[in-house]
Amino acid sequence: MHIRLSAFFLAIALLASTGISSAMDNTRAEIVIYTEDYKPLYFPYENGRIDGTVTRLVQSLADEAGISVEMHMRPFKRGLNAVESSANHCFMALWRTEAREPNFSWVGPLEYDGYGLFALKDSTIELSSVKDSFAYATGAVGGWTSTNELQKAGHPNLVLVYEDKLNANMLQSGHTKLWLGGLISSPYVAAQEGAEIKRLLTLRKVELALACNRNIDASLINRLQAALNTRLKK
């Protein structure tokens with residue numbers, strides 16, 4: 001199921017060569033979507049546009065459902081705070097965890113992701129449990145579920161950043177020895193930054209979904225979910 005989803009969503013990304021507009025022209029969007037730079041799922045493109053496999057999927061679902069959307073790129077915490085405080089706002093996309101489930105209205109699955117611990121390809125570090133990582137400086141993005149979970153677990157050597165590509169840079173410079181990152185995004189970002197990495201430990205696999213303010217018009221959620229369900233049945 002996961003492989004079929006990934007292949008299907010990748011095909012969507014190849015249908016066009018330009019990104020999705022970050023704002024609607026002369027119309028008021030029914031849904032305002034905030035997202036972050038999380039390659040290859042969603043990321044800044046040319047002329048203020050947003051691109052990525054999930055970006056294209058969400059835009060196509062909105063088109064099929066007849067819903068106008070407006071997309072904005074924001075740092076993770078800022079975008080999420082805006083969604084939590086504003087009706088008819090959504091975040092693209094969040095890991096759909098048990099803790100988050102009651103806090104949002106959801107449309108998913110958009111993709112399957114997860115997080116783990118990575119190191120440079122030539123690293124001699126070996127990990128058999130998350131506690132084994134506590135001895136090493138570990139780069140992580142502040143506010144992400146993965147980071148929150150390791151903080152709760154008592155990791156004493158987390159080095160927090162606001163942007164995931166900084167984790168690749170810190171790993172290469174030797175400032176950190178491990179990278180706590182997404183199973184999909186970390187290898188992609190590492191390749192872009194010229195870093196060769198390997199996964200040492202998978203910590204969690206989880207669904208990615210569009211997370212909307214709980215006070216959003218329920219009909220909008222239902223129409224988007226119906227469009228997605230139709231896609232997944234094909």
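The charge dipole of segment 113-205, taken about its Cα centre with unit charges on the Cβ of Lys, Arg, Asp and Glu (plus for the first two, minus for the last two), comes to roughly 200 debye. Where the alpha-carbon atoms of segment 123-164 are placed on the principal axes, they occupy 27, 21, 14 Å, in descending order. Loop-located trypsin sites (Lys or Arg not before Pro) in segment 167-222 (DSSP state not H, G, I, E or B) with no more than 15 neighbouring Cβ atoms inside 10 Å: ARG214. Computed on segment 113-205, the Cα convex hull volume stands at 79 Å³ per residue. Quick check on my link table: of LYS77/LYS165; LYS121/LYS152; LYS121/LYS165, which ones sit more than 26 Å apart, alpha carbon to alpha carbon? Pairs exceeding 26 Å: LYS121/LYS152. Comparing ASN222, ASN167, ASN88 in a Gaussian network model of the chain, where Cα atoms under 10 Å apart are tied by springs, the biggest mean-square fluctuation is seen for ASN222. May I ask for the angle, rounded to the nearest 10°, between helix 53-65 and the longest principal axis of the chain, with both axes built from Cα atoms and the value confined to 0 to 90°? The helix 53-65 is inclined about 20 degrees to the chain. Percent of Cα pairs in the chain per distance bin of 10 Å, from zero to the largest separation: 8, 32, 35, 19, 6, 0. Counting only lysines at least 8 places from LYS205 when in the same chain, there are none with an alpha carbon closer than 17 Å to its own. For segment 103-173, the list of trypsin sites (Lys or Arg not before Pro) that fall in a loop by DSSP and count at most 14 other C-beta atoms within 10 angstrom reads LYS121.
For the chain, the longest principal axis of the alpha carbon atoms and the long axis of helix 218-233 meet at an angle near 70°. The angle between the Cα long axis of helix 76-85 and the longest principal axis of the Cα atoms of the chain comes to about 40 degrees, rounded to the nearest 10. Our analysis of segment 24-154 gives Rg over Rh at 1.03, with the two radii drawn from alpha carbon positions and Rh computed by the Kirkwood formula.
How many percent of DSSP beta bridges within the chain run antiparallel, rounded to 5? Around 60 percent of the beta bridges assigned by DSSP in the chain are antiparallel ones. When CYS90, CYS212 are arranged by Cβ crowding within 10 Å, least crowded first, meaning fewest neighbours, the order is CYS212, CYS90. Per-residue 3J(HN,Hα) values for segment 191-197, derived from phi via the Karplus relation 6.51 cos²θ - 1.76 cosθ + 1.60 with θ = phi - 60°, read 4, 5, 8, x, 9, 9, 10 Hz in sequence order (x marks Gly and Pro). When the pairs LYS39/LYS233; LYS131/LYS233; LYS198/LYS233 are compared against a 32 Å limit on Cα-Cα distance, LYS131/LYS233; LYS198/LYS233 fall above it. Under a 10 Å cutoff between Cα atoms, tell me which one of ASP113, ASP63, ASP122 has the largest fluctuation in the Gaussian network model of the chain. It is ASP122. Each 10 Å bin from 0 upward holds the following percent of the Cα-Cα pairs of segment 180-234: 17, 30, 25, 24, 4.
By other beta-carbon atoms within 10 Å, ranking LEU117, LEU183 with the fewest at the front produces LEU183, LEU117.
Where a number appears in this text, it was derived from the coordinates with a stated rule and is not lab data. All of these numbers come straight from a predicted model, not from anything done at the bench. Counting neighbours? That spans all protein chains shown, and the Cβs are built from the backbone with ideal geometry, glycine included.
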